[in-house]
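Below is one structure, written out as structure tokens; the observations come after it.
Where a number appears in this text, it was derived from the coordinates with a stated rule and is not lab data. All values reported here derive from a predicted model rather than from experimental measurement. Note: ideal-geometry Cβ built from the backbone for every residue, glycine included; neighbour counts use all protein chains shown.
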Amino acid sequence: MQVAYQGEPGAYSEIAVRTLFPDAEGMPCDTVRLVFSRVTSGEADFGVVPVENSQAGSVNETYELLLNSSLVRIVGEVVVRVDHALLAPPGARLEQIRRAYSHWQALAQCEDFLAVHHIEPVPVHDTAGAARLVAERGNLEEAAIAGVEVAGRLGLAVLAERIQSYPDNFTKFAAIGTRDAGLGTPDKCSIVMAVVDRPGSLLASLQPFA
């Protein structure tokens, strides 16, 4: 079984894949849109995409793709704890770092740390990819924000751990597919709707579910 995910090996999305589909082969993709494409075309059996983060909020691209796809649906979910670390080439010191690369959501989750240390945030496609970029460049003024486990894979030094603004930082990932994934008895549904622009319309639409 192949499961597509956004990012490179070591990304938080890959952790979600291993949690949901422990025996599957991961299929890294550059974007969330490409994950949907791989699933729709049948190249991947399922996909895993980020839905929302407890600090940075919803991943709007995922919601838009779910809304506009008639073939793909949510078939499971998992919540992953996200602890960010600042990773740099060996020999670098925290006070040297001028730029930090990472996924824009990770940068947003660590904005307080970056501001205190006067580090410029530079968005790239994912956390593990940022770490690989920093390892390849070897610039002692550059660092990546990613999980600690990525440091060991790429030979990077850990300059600081748990640098997110809020200690309890979680991301919800959705498993998507064109068929049931056998991940347990369904016990949740997702609804997309629009309401007219008048007072009480949202309440009226939710009352049938009360």
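Evaluate E = 1/(1 + (r/R0)^6) for Asn68 and Ser165, where r is the Cβ-Cβ distance and R0 equals 30 Å; express this FRET efficiency to the nearest 0.05.
Efficiency, rounded to the nearest 0.05: 0.40.
Calculate one ³J(HN,Hα) per residue across segment 135-144 by plugging θ = phi - 60° into the Karplus curve 6.51 cos²θ - 1.76 cosθ + 1.60, and present them in order as whole Hz with x for glycine and proline.
5, 5, 6, x, 7, 6, 9, 10, 9, 10
Taking springs between alpha-carbon atoms closer than 10 angstrom, which of Leu154, Leu94, Leu183 fluctuates most in the Gaussian network model of the chain?
Leu183
Which residues' amide hydrogens lie under 5 Å from the amide hydrogen of His103, considering only partners 5 or more residues apart or on another chain, with H built in the peptide plane?
Those lying under 5 Å, H to H, from His103 are Val124, Asp126, Thr127.
For the chain, what is the Kirkwood hydrodynamic radius in Å, using each pair of distinct C-alpha atoms?
Every distinct Cα pair counted, the radius reaches 18.3 Å.
Could you tell me the largest-minus-smallest coordinate of the C-alpha atoms of segment 85-161 on each of the three principal axes, in descending order and whole angstroms?
26, 25, 20
As a test of the formula, what do you get for the chain when each DSSP H run with n ≥ 4 contributes -39,500 (n - 2.57) and the sum is divided by the residue count, at 222 nm and rounded to the nearest 500 deg cm²/dmol?
Using -39500 (n - 2.57) per qualifying helix, the result is -8000 deg cm²/dmol.
May I ask you to derive the relative contact order of segment 85-161, considering only C-alpha pairs under 8 Å and at least 6 residues apart, and to give it as an integer percent? Write out the running numbers ahead of the final one.
Values: 164 pairs, mean separation 38.1, N = 77.
Worked out over segment 85-161, it gives 50 percent.
Compare Asp23, Asp187, Asp112 in a GNM of the chain, Cα atoms joined below 10 Å, and give the one with the largest fluctuation.
The residue with the greatest mean-square fluctuation here is Asp187.
Can you give the FRET efficiency to the nearest 0.05 for Leu206 and Arg98, using r as the Cβ-Cβ distance and R₀ = 41 Å?
0.25
What is the gain in length, in nm to one decimal, between Met1 and Val122 on full extension, counting 0.36 nm per residue of separation less the C-alpha to C-alpha distance?
Details: separation 121, 0.36 × 121 = 43.56 nm, distance 3.47 nm.
So the extension gain works out to 40.1 nm.
Using +1 at the Cβ of each Lys and Arg and -1 at the Cβ of each Asp and Glu in segment 15-150, identify which of Ser69, Ala144, Gln105 lies farthest towards the dipole's positive end.
Ala144
Count neighbours as other Cβ atoms within 10 Å of each site's Cβ, and list the trypsin sites (Lys or Arg not before Pro) in segment 104-210 that are DSSP loop with at most 16 such neighbours.
Within segment 104-210, the qualifying trypsin sites (Lys or Arg not before Pro) (loop, at most 16 other Cβ atoms within 10 Å) are Arg162, Arg179, Lys188.
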